[in-house]
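Participant: Just dropping this structure here.
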Amino acid sequence: MFRKKGWLGLLMTAVLLLGACSQGGGEATTGTGGNDANPTDASGNEASGELAPAKLKIVLYGDESNRMKELAKTEFYDRIKQEINAEVEFQFLPWTEYAGGKTDLMLSTGEDFATYTDANYMVKSVAKGLYADLTPYTEASADLSKTVDEASFKAFQLGGKQYAIPVGNKPNSAEFYSVLVRQDLLEEVGMSEVTSLAQLEEYYDKAHAAHPELIGYAGVDARRMLLYDYTDKNLYWQNDFVALDESAQDDQILNWFESEEFKKYADLMRGWYEKGIIPKYAATNVPQLQSDWNSGKAMFWAGTAARPFEGAATISQAVPDAKLVNYFLGEGRSKISRGTYSTAFFVSSAAKDPERYVMFFNLLQKDQELYDLFAYGIEGTDYTLDENDRITRLTTDSLIPDWLLMNKNFIRFDNSVPDDFIAEYKAWDDDAIISKGAGFNFDNTPVKNEETKLNGVLTEYLAPIGSGFVDYETGYPKALERLKSAGIDKYIAEYQKQFSAWYAEQNQ
């Protein structure tokens with residue numbers, strides 16, 4: 001049984017980045033970045049070998065803190081200028097503008113900027129020619145490449161070209177396959193661990209009797225967490241419709257919603273919904289689940305390597321003695337990893353100097369000094385370090401987001417996190433395997449209309465069944481009919497064709 005403990009006190013934010021699927025090819029646009037008095041090459045480098053001045057725009061999402069505004073104009077500005085002779089403007093947009101909205105508008109109108117992407121958004125944007133091809137400039141990320149694995153780079157390649165540079169190095173295997181338990185509640189009701197579905201439901205029963213005001217599961221998707229109880233396969237999802245069996249050395253994809261595994265899973269979730277483990281309000285108000293978790297009103301959640309300490313300070317504001325522990329409901333299957341990246345930065349195809357952007361990405365993971373600057377600010381003003389290099393934050397203002405930069409080689413922990421947990425966290429991926437689908441990006445162009453219809457069927461019919469809100473036997477026949485009429489057979493055939501061709505190429 002694999003068990004990890006987490007302690008409170010480190011402010012971090014975890015973000016799931018999701019997008020749609022498509023693919024194609026794009027061209028990079030480079031410029032001269034200089035003037036006639038200082039002739040430059042295509043990358044903006046002066047003929048003498050010195051970097052010509054450059055201006056970059058980095059788009060980040062979320063709220064910009066006052067301290068970030070200040071540092072962007074002072075220490076950040078000066079250090080970036082010193083390192084790569086570039087002036088960087090940081091622009092913050094609401095998360096609603098990620099992978100669409102204003103980001104799409106900026107791309108389509110030819111703005112010169114860079115921001116982060118996921119693989120699905122990359123595929124769609126490259127098909128429109130909106131991302132620069134960064135392949136010629138990957139050497140500018142040499143320092144970053146020492147701490148970000150090769151699989152992470154491959155995840156953002158199309159047709160052998162690099163369209164985004166991955167950033168971050170954190171344990172990513174088995175994301176959401178563990179159950180993150182309120183250990184304080186578990187111990188309060190006389191239990192010490194949770195290693196099976198039966199024990200998890202026993203924990204709920206006992207905690208509910210002691211605290212009827214609490215909800216059970218703070219989510220509506222437990223297909224990964226409950227994997228051991230409805231299949232012998234080691235499933236890893238490519239998207240909502242397609243999964244891979246990582247225990248089989250073949251190229252076969254699983255049509256999730258037409259599988260026996262989906263039926264068994266849906267029945268488990270229906271049981272949870274009827275029992276009250278998933279609260280009744282979740283059927284109409286999913287965001288409330290997250291709020292209840294953050295305020296300490298939920299018993300368990302889907303776990304990741306970092307979740308025992310990510311966001312824990314938020315829970316501790318409501319429940320100071322809260323403790324969080326990851327458990328796996330079963331054992332014997334390999335943990336699957338997509339790569340160690342936190343996110344990846346693309347450069348717009350209109351950018352005058354793509355290489356300089358790559359140089360900036362490199363600075364984010366270059367060394368401990370620069371990581372500390374961008375993540376924590378100025379020592380003595382924004383944070384202090386003790387003799388063991390444990391950090392004390394003097395300001396709660398976020399700078400460049402912690403989750404984005406997170407690199408296990410540089411991250412600072414505070415004194416509330418024991419040494420043994422840090423060692424276990426950093427070793428979380430040691431026995432993991434890279435997914436056999438890592439680096440594959442589906443081109444949805446041949447089935448774009450079908451995909452749009454399928455997403456509608458997913459939202460209206462299949463998601464309620466998969467969350468337990470609708471009984472499988474009652475709702476599935478109609479859902480299957482809609483799935484078929486939307487074109488699931490054509491979609492699965494196209495996905496299988498592309499994946500088989502790619503898989504054969506990788507295994508030559």
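Participant: Based on what the data block shows, is Pro212 without any contact (Cβ under 8 Å) to a residue 12 or more places away in the chain, part of a loop (DSSP other than H, G, I, E, B), of a type outside the set (Lys, Arg) and out of contact with any helix residue (DSSP H, G or I) (no Cβ under 6 Å at 6 or more places or on another chain)? Steps first, please.
Facilitator: Numbers: without any contact (Cβ under 8 Å) to a residue 12 or more places away in the chain: yes; part of a loop (DSSP other than H, G, I, E, B): yes; of a type outside the set (Lys, Arg): yes; out of contact with any helix residue (DSSP H, G or I) (no Cβ under 6 Å at 6 or more places or on another chain): yes.
Yes: the conditions hold for Pro212.
Participant: Select from segment 469-508 the residues that are touching a Pro at 6+ places or on another chain (Cβ under 8 Å) and among the β-branched types (Val, Ile, Thr) and list them in ascending order. First the steps, then the outcome.
Facilitator: Filtering segment 469-508 down to residues touching a Pro at 6+ places or on another chain (Cβ under 8 Å) leaves 470, 475, 494.
The one that is touching a Pro at 6+ places or on another chain (Cβ under 8 Å) and among the β-branched types (Val, Ile, Thr): Val470.
Participant: Kindly provide the set of residues from segment 68-89 that are of a type in the set (D, E, K, R), touching a strand residue (DSSP E or B) at 6+ places or on another chain (Cβ under 8 Å) and assigned to a helix (DSSP H, G or I), ordered by number. Let's see the steps before the verdict.
Facilitator: Quick first cut of segment 68-89, residues of a type in the set (D, E, K, R) only: 69-70, 73, 75, 78-79, 81, 83, 87, 89.
After this cut, where a residue has to be touching a strand residue (DSSP E or B) at 6+ places or on another chain (Cβ under 8 Å) as well, the list is 81, 87, 89.
Residue satisfying the conditions is Lys81 alone.
Participant: Inside segment 259-285, can you point out the residues that are open to solvent by 70 Å² or more (accessible area, probe 1.4 Å) and touching a residue at least 40 places away in the same chain (Cβ under 8 Å)?
Facilitator: Hits for segment 259-285 are Glu274, Lys275.
Participant: Among the candidates Asp245, Asp221, which residue alone is within 18 Å of Arg338 (Cβ to Cβ), of a type outside the set (S, T, N, Q) and open to solvent by less than 40 Å² (accessible area, probe 1.4 Å)?
Facilitator: Numbers: Asp221 fails: open to solvent by less than 40 Å² (accessible area, probe 1.4 Å).
The unique qualifying residue is Asp245.
Participant: Residue check, Asn172 against (1) open to solvent by less than 10 Å² (accessible area, probe 1.4 Å); (2) touching a Ser or Thr at 6+ places or on another chain (Cβ under 6 Å); (3) under 24 Å from Glu83 (Cβ atoms), all met but one. Which one?
Facilitator: Unmet condition: (3).
Participant: Something else about it: For segment 366-384: of the residues being of a type outside the set (Val, Ile, Thr) and in contact with a strand residue (DSSP E or B) (Cβ under 6 Å, 6 or more places away or on another chain), which is surrounded by the most Cβ atoms within 10 Å (Cβ to Cβ)? Break it down stepwise before answering.
Facilitator: First, pick out the residues of segment 366-384 that are of a type outside the set (Val, Ile, Thr): 366-377, 379-380, 382-383.
Going one step further and asking which of them are in contact with a strand residue (DSSP E or B) (Cβ under 6 Å, 6 or more places away or on another chain), we end up with 376, 383.
Values: Tyr376: 21, Tyr383: 18.
Result: Tyr376.
Participant: May I pose another question? In this structure, does Tyr204 turn out to be in the same structural domain as Arg307 (by TED's automatic domain parsing) and either part of a loop (DSSP other than H, G, I, E, B) or at pLDDT 95 or above (or both)? Walk me through how you get there before you give the answer.
Facilitator: On the way: in the same structural domain as Arg307 (by TED's automatic domain parsing): yes; either part of a loop (DSSP other than H, G, I, E, B) or at pLDDT 95 or above (or both): yes.
Judged against the criteria, Tyr204 is a match.
Participant: Pairs under 7 Å by beta carbon, first residue under 15 Å from Asp353 (Cα atoms) in segment 133-148, partner open to solvent by 20 Å² or more (accessible area, probe 1.4 Å) and assigned to a helix (DSSP H, G or I), six or more apart or different chains?
Facilitator: Tyr137/Glu355; Ala140/Glu355; Ala140/Met359
Participant: Looking only at segment 388-417, which residues are outside any loop (DSSP other than H, G, I, E, B) and not charged (D, E, K, R)? So that I can check it myself, show each step before the final result.
Facilitator: At the first step, the residues of segment 388-417 found to be outside any loop (DSSP other than H, G, I, E, B) are 391-393, 402-405, 407.
Result: Ile391, Thr392, Trp403, Leu404, Leu405, Asn407.
Participant: Closer than 17 Å to Tyr77 by Cα, within 24 Å of the chain's Cα centre (by Cα), surrounded by 20 or more Cβ atoms within 10 Å (Cβ to Cβ) and not assigned by TED's automatic domain parsing to the domain that holds Leu235 - does that describe any residue in segment 407-418? Explain how you work it out, then say what you get.
Facilitator: Pass one, segment 407-418, residues closer than 17 Å to Tyr77 by Cα: none.
Checking segment 407-418: not a single residue is closer than 17 Å to Tyr77 by Cα, within 24 Å of the chain's Cα centre (by Cα), surrounded by 20 or more Cβ atoms within 10 Å (Cβ to Cβ) and not assigned by TED's automatic domain parsing to the domain that holds Leu235.
The values are calculated or read from the model by the stated rules, or taken from the named source; none is laboratory data. These numbers were taken from a predicted model, which means no experiment stands behind them. FYI the Cβ positions are ideal-geometry reconstructions off the backbone, even for glycines, and counts take in every protein chain you see. Note: accessible area is taken over every heavy atom of the protein model, side chains too, but ligands, DNA and RNA are not part of it. Shrake-Rupley method; radii C 1.70, N 1.55, O 1.52, S 1.80 Å.
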